[in-house]
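Take a look at the structure below.
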Amino acid sequence: MLEEFLNQLAATSWIEWLGMATGILGVWLSIKEKVAAWLFFIICYTIYVFIGYRVGLQAFMGMNVIFIGISIYGWRKWATTKRVDNPALKPVRTSPRHWPAVGLFIVIGTGLVGLLLNQLDGAKLPYLDAFATCSALTAQWMLSRKQIETWIFWIITDIIYLCLFFQDQHWPSVILFTVFIGLAIKGWKDWQNNVSQ
């Protein structure tokens, strides 16, 4: 097992390392509420579009294309709220009136994406994968709007991906998603202390 772990680390390409590093840096900067986080997210997601294309993971590639769009939106939104007199600087709780839309998106999205993935040859756990994808899209959208619940959705998503990669014994991804879970817990705690009421 250790030998396989070391072999996988040695076989990880520089572009994958760059994707992981920019992803971790982007999450760290978003916890600190730095606008620069979005630049690193865009670099990370662009790399993962390329990796998804290279290995034939169309759903993964498509999700990262959407993430690039949300990241551009988040960058603009965070940059325009950086004025000192603007109360939108602080994280906020998701409005109760938005929760039904969030729930519908996740339920309907999981069903539709899961059905699509189920039609593809070699799809593993298509509905769990679809749920993780919809949870990640929800998390990314909430992050762009500085909604504190983003961290809960990232924790859920990262735990699912951690389990999937652990099952496949893809150790670099296990390490990455373990780090992401730790960062998401830190983000939840830090933003709780800074949330606008």
Degrees between helix 2-11 axis and first principal axis of the chain (Cα, 0 to 90, nearest 10): 70
Given H placed on each backbone N at 1.01 Å, which residues far from E149 in sequence or on other chains put an amide H within less than 5 Å of it? T94
By average Cβ neighbour count within 10 Å, what is the ranking of 117-124, 185-192, 33-40 from highest down? 33-40, 185-192, 117-124
R0 of 30 Å, Cβ-Cβ distance E3-V179: FRET efficiency to nearest 0.05: 0.85
Quick check: the angle from helix 14-31's long axis to the longest principal axis of the chain, C-alpha only, nearest 10 degrees? 30
Tally of Lys pairs whose C-alpha atoms are under 24 Å apart, taken over the chain, 8 or more apart or cross-chain: 25
Cβ-placed point charges (K, R +1; D, E -1), dipole of the chain about Cα centre in debye, nearest 20: 1060
From the helices alone, meaning DSSP H stretches of at least four residues, give me the mean residue ellipticity at 222 nm for the chain, per-run term -39500 (n - 2.57), in deg cm²/dmol to the nearest 500. -26000 deg cm²/dmol
Show me the ranking of peptides 129-142, 13-26, 92-105 by mean Cβ neighbours inside 10 Å, starting with the highest. 129-142, 13-26, 92-105
Mind giving me the FRET efficiency for L125 and V65? R0 is 22 Å, r the Cβ-Cβ distance, nearest 0.05 is fine. 0.45
Can you match Rg and Dmax of the Cα atoms in Å to one of these, [x] 15.9, 44; [y] 17.0, 56; [z] 24.5, 90, based on a calculation from the structure here? [y]
Whole-Hz Karplus ³J(HN,Hα) for the range 95-102, in order, using 6.51 cos²θ - 1.76 cosθ + 1.60 and θ = phi - 60°, x for Gly and Pro? 4, x, 6, 8, 4, x, 5, 4
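None of the figures in this text is laboratory data; all of them are computed from the coordinates on show. Predicted model only: the values in this text are computed from it and were never measured. We place every Cβ from the backbone using ideal geometry, glycine too, and count neighbours over all the protein chains shown.
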